[in-house]
2 protein chains.
Amino acid sequence: MTTITDVARAAGVSPATVSRVFNGGRVTPERAARVRRAAAELGFEPNRVAQSLRKQRGSVIGLLIPDIENPFFTSLARGVEDAAQQTGLSVVLCNTDENVDKERRYLGIALAEQMAGVIVAAASRVGTDLSPLAARGMPVVAVDRRPKGASVDAVLVDNQHGGEAATEHLLRSRYRRVACVTGPEGASTSEERLAGYRAAIRDALADGTLPSDGPDDLLTAYVRHADFRVGGGRSAMADLLAMERPPDAAFVANNLMTVGALEALRAAGRTPPGFGVLSFGGVPWAGLVRPSLTTVELPSYELGFTAATLLQERIAGSAKPLQTVVLRTGLSVRDSTAGPGARLPAAALE
Amino acid sequence: MTTITDVARAAGVSPATVSRVFNGGRVTPERAARVRRAAAELGFEPNRVAQSLRKQRGSVIGLLIPDIENPFFTSLARGVEDAAQQTGLSVVLCNTDENVDKERRYLGIALAEQMAGVIVAAASRVGTDLSPLAARGMPVVAVDRRPKGASVDAVLVDNQHGGEAATEHLLRSRYRRVACVTGPEGASTSEERLAGYRAAIRDALADGTLPSDGPDDLLTAYVRHADFRVGGGRSAMADLLAMERPPDAAFVANNLMTVGALEALRAAGRTPPGFGVLSFGGVPWAGLVRPSLTTVELPSYELGFTAATLLQERIAGSAKPLQTVVLRTGLSVRDSTAGPGARLPAAALE
DNA sequence: CTGAAAGCGCTAACAA
DNA sequence: TTGTTAGCGCTTTCAG
């Protein structure tokens with residue numbers, strides 16, 4: 001391995017000068033050129049480990065996500081990676097598997113590896129403890145979910161708005177018994193999406209769009225909590241369909257549960273758009289699904305990109321007050337919410 | 001930050017003793033206990049950066065994959081991660097985007113970060129150069145694809161066998177004009193899968209399963225090279241369908257291209273199993289696709305797990321001769337290859 | 001602008 | 001078994 005000392009010797013200067021050349025110190029152009037030439041000839045690459053030890057700060061940032069198989073998080077990861085490139089930081093991807101213990105281990109590694117900073121989509125709102133990092137002055141940005149009581153920058157999705165827009169769309173499409181399959185109780189994302197649903201329903205009751213008889217039904221009876229996974233979505237939907245007066249549409253609060261919900265619908269012989277289905281978050285290769293699925297579009301890439309940008313500011317020493325950035329969702333209207341009586345052209349179904 | 005010296009002072013021993021306690025050196029139980037207690041009280045965690053610098057070897061392994069959004073690679077990544085846990089190594093996931101330059105950059109980082117080793121699914125068979133790592137004695141395992149001329153351990157899929165089994169299955173299902181949409185020319189995976197296809201066709205011609213008139217058609221005319229991406233699969237299939245005498249089934253050499261191929265079929269008003277479709281590699285949430293898709297199952301998780309195990313042996317200093325492990329594929333028969341005249345029960349289509 | 005020197009936290013010879 | 005010592009490769013005062 002060629003070291004800074006080898007280069008120094010070859011260029012006839014001191015190691016300090018070589019270091020300055022590579023770190024923007026003041027060096028006369030002539031000597032700088034000599035150093036660069038020597039470095040190139042010897043194939044010198046600064047040893048990042050030594051740099052990290054000396055500077056007490058590494059050049060990688062940790063990205064902790066709960067599920068690497070969820071396309072939402074892979075897309076987020078790409079955003080982080082792209083933003084990190086700009087500063088020459090590399091990204092270590094750690095898959096916490098929605099598991100607080102695994103997450104804690106990775107946070108420990110982040111510390112022990114002296115990472116430059118950490119971006120974390122917390123495995124749990126209450127179980128995730130970011131304080132050891134804060135205590136050691138390591139910059140942290142929370143993304144998608146904000147752990148309770150953590151004083152860190154955060155980049156979040158406007159879940160409530162997304163849930164509201166979704167539910168409003170279903171009502172506008174003339175569905176009248178709109179259910180909501182949301183995530184686990186206590187998860188901020190589920191609660192917020194549910195809150196959006198409730199707000200939309202409440203508004204519709206208030207302005208007469210929905211008949212006011214049995215308002216309880218719509219605000220509570222048609223709500224199911226599940227686990228954000230395929231199986232949970234399936235059982236929740238099966239449960240809804242078994243009701244005496246089942247819903248005629250559902251807002252499903254994440255992509256995986258939507259897959260399960262569609263399976264349950266199919267098993268019951270009901271299909272969109274006769275039964276309206278709206279997914280919070282797209283499914284991969286949505287093009288294959290017939291009829292095509294109306295979805296709330298999440299800014300996953302931007303979430304990652306923004307978080308990484310914020311983190312880099314902190315790493316660079318920014319002392320701004322803590323920020324929370326909230327990114328808006330979009331709505332992609334497709335066939336699965338065409339309306340309870342809609343007839344789709346054959347091409348949309350085959 | 002508490003260092004080994006702090007612990008040593010608190011326990012009334014030398015730093016070396018503390019180091020021994022944490023690295024399995026010989027220390028009297030009594031002193032060891034004292035050290036551990038002190039370490040716990042002070043919340044000591046060994047500084048991995050300093051360890052790496054001193055030992056000239058880090059405790060992370062790099063995993064370079066071409067496409068983090070492909071479920072095949074995420075599953076492989078999980079296998080690597082699980083295997084790595086056993087030795088306490090962490091995994092840095094690097095997404096090379098099928099881009100040789102990006103890949104080279106990451107390989108440089110692996111060196112500069114003194115990673116313990118690297119597992120690489122090469123972006124290119126000829127463009128990927130692993131020699132700098134070999135030159136510096138860094139253990140490398142190639143996975144899924146083996147770069148040309150690299151003398152490294154490798155864990156591969158039996159692509160040829162998979163392609164052969166797939167094609168045989170289509171023929172057995174009474175399809176007679178079986179096409180093959182394979183990957184880019186020059187990629188070992190595409191060539192091998194294609195070779196399997198050709199072998200099966202040749203056998204069928206030889207034993208009379210296929211009429212021997214126009215053998216050229218089957219061996220060459222029905223073959224298309226595409227780019228392993230959705231768009232490529234779509235155009236290749238469109239091209240096949242536009243032939244004067246189009247195929248009645250296709251073996252598609254990866255999951256993404258299958259998605260495209262299905263889109264092209266749908267656009268042409270043809271659907272499986274009337275037109276047989278067999279995908280090399282499963283699609284995520286396959287349960288949503290109707291009719292359900294027959295696939296060659298890839299041992300992606302095992303690929304990763306095996307590669308990581310091999311790598312760890314090398315890291316531990318194993319001097320065995322170079323190994324190549326080849327893992328077999330499976331075949332999951334579903335509805336999309338039920339036969340050209342098959343009538344599926346309604347439930348399979350709705 | 002440049003070089004000498006100190007030291008980041010840890011481990012591995014070597015001595016005791 | 002234990003402690004002392006000498007660095008791993010780099011950056012950063014501090015003099016010059």
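A short reminder: the numbers here are calculations on the coordinates, not readings from a lab. Just so it is clear, the structure is predicted and the values come from calculations on it, not from any experiment. Cβ placement follows ideal geometry from the backbone for every residue including glycine, while neighbour counts extend to all protein chains displayed.
List of remarks:
- Kirkwood Rh and Cα Rg combined as Rg/Rh, region A:1-77: 1.23
- Plainly put, region B:1-46 has a radius of gyration that is 0.90 times its Kirkwood radius, both from alpha-carbon atoms, as the Rg/Rh ratio.
- Taking amide hydrogens as placed 1.01 Å from N in the peptide plane, the amide H of B:Asp153 sits under 5 Å from those of B:Val140, B:Ala142, B:Gln323, each at least 5 positions away in sequence or on another chain.
- Counting only Cα atoms, the size of region B:94-221 along its three principal axes is 60, 22, 22 Å, in decreasing order.
- Counting only DSSP H runs of at least 4 residues, each contributing -39500 (n - 2.57), and dividing by the residue count of chain A, the helix-based mean residue ellipticity at 222 nm comes to -13000 deg cm²/dmol.
- Where Rh is the Kirkwood radius over Cα pairs, Rg/Rh for region A:282-331: 1.21
- Sorted ascending by nearby beta carbons within 10 Å, beginning with the fewest, B:Thr182, B:Thr329 become B:Thr329, B:Thr182.
- Once the Kirkwood radius over Cα pairs is known for region B:1-139, the Stokes-Einstein relation at 37 °C and 0.692 mPa s delivers a diffusion coefficient of 191 µm²/s.
- Candidates A:Glu244, A:Glu69, A:Glu313, ranked by Gaussian network fluctuation over chain A, Cα under 10 Å, top entry: A:Glu244
- Antiparallel %, DSSP beta bridges [both residues in chain A], to 5: 10
- Shielding of peptide B:286-293 by partners, expressed as the average count of other chain Cβ atoms within 10 Å per residue Cβ, is 4.
- Degrees, to the nearest 10: A:255-267 long Cα axis against longest axis of chain A: 30
- log10 of Debye I(q)/I(0), alpha-carbon scatterers only, for the protein assembly as shown at 0.10 Å⁻¹: -1.07
- For chain A, the longest principal axis of the C-alpha atoms and the axis of helix A:300-315 are separated by about 40°.
- Bridgeable lysines around B:Lys148 (alpha carbons under 25 Å apart, same-chain partners fewer than 8 residues away excluded): B:Lys102, B:Lys320.
- Inter-part distance where region A:243-297 and region B:1-56 are each reduced to a Cα centre, Å: 56
- Entry for chain A at q = 0.10, 0.14 Å⁻¹: log10 I(q)/I(0) = -0.68, -1.06, Debye formula applied to identical alpha-carbon scatterers, no solvent contribution.
- Axis of helix B:71-85 versus longest Cα principal axis of chain B: the two differ by about 30°, to the nearest ten degrees.
- Per-q log10 I(q)/I(0), region A:74-168, q = 0.12, 0.17, 0.24 Å⁻¹ (Debye; single scatterer per alpha-carbon; no solvent): -0.42, -0.79, -1.40
- Near-label residues of region B:1-17 by backbone N, under 15 Å of a point 7 Å along Cα→Cβ of B:Thr28: B:12-14, B:17
- Inter-centroid distance (Cα atoms) of region B:69-145 relative to region A:85-116, Å: 18
- Inverting the pair-averaged 1/r between distinct Cα atoms of region B:193-350 gives 17.6 Å as its Kirkwood hydrodynamic radius.
- Listed from fewest to most Cβ neighbours within 10 Å, the set A:Val120, A:Val289 follows the order A:Val289, A:Val120.
- Simple spin-label estimate for A:Arg105 and A:Glu297 gives 3.9 nm between the two label positions (7 Å along the Cα-to-Cβ direction from each Cα).
- The protein assembly as shown: antiparallel DSSP beta bridges as a percent of all, rounded to 5: 10
- Geometric extent, Cα atoms of region A:239-325 - Rg, Dmax (angstrom): 19.1, 60
- Percentage relative contact order, chain A, counting C-alpha pairs under 8 Å, at least six apart: 17
- Here the relative contact order of region A:1-46, from alpha carbon pairs under 8 Å that lie six or more residues apart, stands at 48 percent.
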